[in-house]
Amino acid sequence: MLLPHDTTVVLTDGQKLRLFRNTGTEFQMALSELPQPDVHGEVEGAARHNHSGDDKKDHEEASFEAAVAKWLNHEITTGRIHKLFIVAPPRALGELRQRYGKMLQDKLVGELAKEHTSATVQVLTQALKDA
């Protein structure tokens, strides 16, 4: 995949959030890690569960992704993010997709349904090239 210059790459998995920006060109990707935003779960509208065992973990992950989506929608609306690529496991990606605003959908250049929140920049770069 070719990733346009200045695209923000979001890695999330329901617990962690990492951000990168392509400071290179579309043909010579150069990912730079950005500061981690202050995003927390328990956002209104997150899926509700019984909060026991796996249900509690599911709720926490859904709540976290709701908070990530809220933050992303805000960043796009205020012009801080111009192009967006999201990398998340299928379940987290499904939670995010439910909350994409119109502007986010317009700025989204792609998605990769994989777990890469702990990946090195080199591994992430290769995964994006292979996508």
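Rule-based calculations on the coordinates, nothing more; no lab input. The shown structure was predicted, so the numbers you read here are calculated from the model rather than taken from an experiment. Counting neighbours? That spans all protein chains shown, and the Cβs are built from the backbone with ideal geometry, glycine included.
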**Item:** Exposed GluC sites (Glu not before Pro) absent - longest run of the chain, DSSP non-H/G/I/E/B, at most 12 other C-beta within 10 Å
**Value:** 45-131
**Prompt:** So how much slack lies between Q15 and A131, counting 0.36 nm per residue of separation and subtracting their Cα-Cα distance, in nm?
**Reply:** 39.4 nm
**Phi to ³J(HN,Hα) by Karplus 6.51 cos²θ - 1.76 cosθ + 1.60 over region 19-31, Hz, x for Gly, Pro** = 10, 9, 9, 7, 8, x, 9, 4, 9, 10, 5, 9, 8
**Message:** Once you place label points 7 Å from the Cα toward the Cβ at A119 and L34, how far apart are they in nm?
**Reply:** 1.8 nm
**Request:** Show the residues, 5+ positions off or on another chain, whose built amide H is closer than 5 Å to the amide H of T7.
**Result:** N22
**Message:** If I stretch the segment between Q105 and T25 completely, what's the gain in nm (0.36 nm per residue apart, minus their alpha carbon distance), one decimal?
**Reply:** 26.5 nm
